Structures are given as C-alpha cells and as structure tokens.
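Just below is one structure, and these are the notes that go with it.
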Amino acid sequence: MSEPEILSLYRRYIDCLNHQDWASLGRFVDEEAHYNGQRIGLAGYQRMLENDFRAIPDLHFGIDMLLADPPHVAARLRFDCTPVGELFGAAVNGQRVQFTENVFYEFSDGRIRNVYSVIDKAAVRDQVTAASQNDR
C-alpha cells in the first residue's frame, strides 16, 4: 500500500468513527486487532468505541497531524467535547474539555492490526481542576 493510499484509507476510517458506522468498521479494523499490546479483536475494538461515544456523546475525532510510512500511520488527534460523568478519572460532568491523543497504527492487508495510543489525560484533569477552582 502506498503512502497516499494508506492516508486515504485512514481518513475514511476516521470518517467511519465520526459517523459511528459500526457496520463498516470491519473494512478498516482487522478481526485480530490489538490495542496497546492487548488482543481485543474487532468486536472488542467496536465495544471500546461504543463505550467512548456513550461517555462522550459529542465525540469527534479531529486529525491534527497525520504521517505515514506504510504499513504504519501516526496521527495526533484533537478532541473538543463535553463528556458526561467521569473521563480518565476526572469528574467532568458535562464540562467542555479539550485534549489530544497520539496514536500509532500498523496495517496488515489493508486493515488496522495494531494500535498504540497515548492520550493526554493530564490536560483533562487540569481543565476540570481549573474549572472547579473558578467556581469557588
């Protein structure tokens, strides 16, 4: 797969996520998918995403940076959202927060096989802490 092809495929994958088009997820994610070193498979991957959208109803994956060295893709994703309840151990409760995720993908046969994700959880905690201090 060439660099333009894998980048186009990745953008279609992000579009699939943003539309919560779970019926199409298997076009992008391998049945044997791994997330941060743990095999979760396609079904586990979908459950993880569905849980994310339940916790963050207005979740939108925004591509901030995107690089490819096939079969690998690296992305910095940006989120600006209003989670319900807790997020990453912080009581967000509908407060608007912004954070980023640095994520690395390995594709095999045109599908995501491995995902390594690092989310800036401290940014969320800092925003929640600052907001609660401002409420005092």
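Give the residues of segment 27-72 that are more than 19 Å from V92 (Cα to Cα) and basic (K, R), sorted by residue number.
R27, R39, R47
For segment 1-12, indicate whether the set of residues that are modelled with pLDDT under 95 and either within 21 Å of V128 (Cα to Cα) or touching a Phe, Trp or Tyr at 6+ places or on another chain (Cβ under 9 Å) (or both) is non-empty.
Yes: segment 1-12 contains one or more residues that are modelled with pLDDT under 95 and either within 21 Å of V128 (Cα to Cα) or touching a Phe, Trp or Tyr at 6+ places or on another chain (Cβ under 9 Å) (or both).
For a quick check of your reading: which strands (runs of 3 or more DSSP E) sit entirely within segment 1-116 and have at least 1 residues that are loosely packed, with under 13 Cβ neighbours inside 10 Å, of a type in the set (D, E) and free of Cβ contacts under 8 Å to residues at least 12 places away in the same chain?
Working: elements: 29-35, 62-69, 72-81, 97-108.
Fully inside segment 1-116 and qualifying: 29-35.
The values are calculated or read from the model by the stated rules, or taken from the named source; none is laboratory data. Owing to the predicted nature of the structure, the values given are computational and were not obtained by experimental measurement. Glycine also receives a Cβ, built like all others from the backbone with ideal geometry; neighbour counts cover every protein chain displayed.
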